[in-house]
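Here's the structure, in structure tokens; my notes come after.
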Amino acid sequence: MTLLEDARAMHEELRLFRRAMHAEPEIGLDLPRTQERVLAALDGLQLESSTGERTTSVTAVLRGGANGAATPGGAATDAAIPRPSVLLRADMDALPVHELLDLDYRSRIDGAMHACGHDLHTAMLVGAARLLHARREELPGDVVFMFQPGEEGFGGGRIMVEDGVLEAAGRRVDAAYGMHVFSALEPYGRFATKPGTMLAASDSFAVTFRGKGGHGSAPHGAKDPVPAAAELVTALQTTVTREFSIFDPIVVTVGVLRAGTKRNVIPDEAYVEATDLYPAAIGLEQSPDDRKHGRLARPVRPDEGGHAAGLDGEVDRAEHMTAGIVFLNASQLDSTRGARTSLAHRSPFLNSTIKNSVPPTNSMITVTSPAAEKRCRSTNVAASRVTRPMPIASGSTSAWRSPGAN
């Protein structure tokens, strides 16, 4: 059977795997049910599997046997022959989102949902492991399958790297590959990436304004923190357009704005929480203060007019995902584009590689049917995805797309 035929044969099993995982989402670094489900799906394959000690990760190594690369036990049969190795990665954690769609496999966990597609990523990597395992004698090297918890701001990838996932095959992998599904990025079935920087790093900050409460009829007797918080929100947007170069893009979004409990009562405090994303690959060794936050924090510094007169306050900053920078590697892009073009029946492909510890390649694919309801098509909130059997990784990762099937 061909690779595509094998993928089609396992489509229904992987679809059920994904739906079961979607119904039981877990958040953060502790995903015991998800880990158990992945280990069960890999059971019976000749893989060197291990689990994390600090998180519920799963790492599995497949030894290739072509050209004397390795024996099933892992030792190279000819030490003079270099043994390449690659890493394929999928994230497994869900988001703290309440699922609204009425599906038979909707989330059974209140306040948790696979709204970012990680259930699809995990199913895809399980499928890739099975497809490659069936062809292990044809592989001239090793493949590391990385099932990662805690992608959504918990640092799960960093923990796995610190625990040795990049060296799981016996030496550092030569390249790493990943992919992310989207529901509205591009037209259905299109792969998307770009030359140069692709994904953004992400930091966050929170600002607390402390004033003096009072009655709404007598603001002169209070120290109102609300106007200061409101001014911060608009000042941040002005800062983006006036402090940063057009060639140094940054997006700032205020997601939390909280103050008061009654319309005619001036509160003691106001709270603003925001995130900033920036794709520029500069200053990764610097602190957030020295990088972006130094300029973003200006609107809330007392000496630069950020605080209303008489208010106290504090700024808390957190650096989340500075390793999210992705760069294009021309040779990997060419091979990736070629593999996707041949395996995906020439599906549209726009242009990937993470420059961190090893050169990785990342791309996106839109998986929501054009017929899906508009409320299901906004990025990162679609539970109902349409898939047809279609291997799509650089000769190694797979996803499935089937008309009429979710």
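The values are calculated or read from the model by the stated rules, or taken from the named source; none is laboratory data. This is a predicted model, so every value here is computed, not measured. Virtual Cβ from ideal backbone geometry, glycine too; neighbours counted across all protein chains shown.
Below, the figures for the structure above:
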item	result
Any hit, segment 111-120, residues being in contact with a helix residue (DSSP H, G or I) (Cβ under 9 Å, 6 or more places away or on another chain), of a type in the set (A, V, I, L, M, F, W, C) and not in a loop (DSSP other than H, G, I, E, B)	yes
Residue within segment 166-183 that is in a helix (DSSP H, G or I) and either in contact with a Pro (Cβ under 9 Å, 6 or more places away or on another chain) or surrounded by fewer than 24 Cβ atoms within 10 Å (Cβ to Cβ) (or both) present	yes
Cross-chain or 6+ apart pairs with Cβ under 7 Å, segment 192-211 first and outside the structural domain of residue 251 (by TED's automatic domain parsing) and modelled with pLDDT under 85, then part of a loop (DSSP other than H, G, I, E, B) and among the acidic types (Asp, Glu)	192/186
Output for segment 132-165, where each listed residue is surrounded by 20 or more Cβ atoms within 10 Å (Cβ to Cβ) and closer than 23 Å to residue 5 by Cβ	132, 136, 139, 143, 145
Residue match in segment 162-178 (condition: acidic (Asp, Glu) and at pLDDT below 80)	no
Of residues in segment 24-42 being touching a helix residue (DSSP H, G or I) at 6+ places or on another chain (Cβ under 9 Å) and outside any loop (DSSP other than H, G, I, E, B), the one surrounded by the most Cβ atoms within 10 Å (Cβ to Cβ)	38
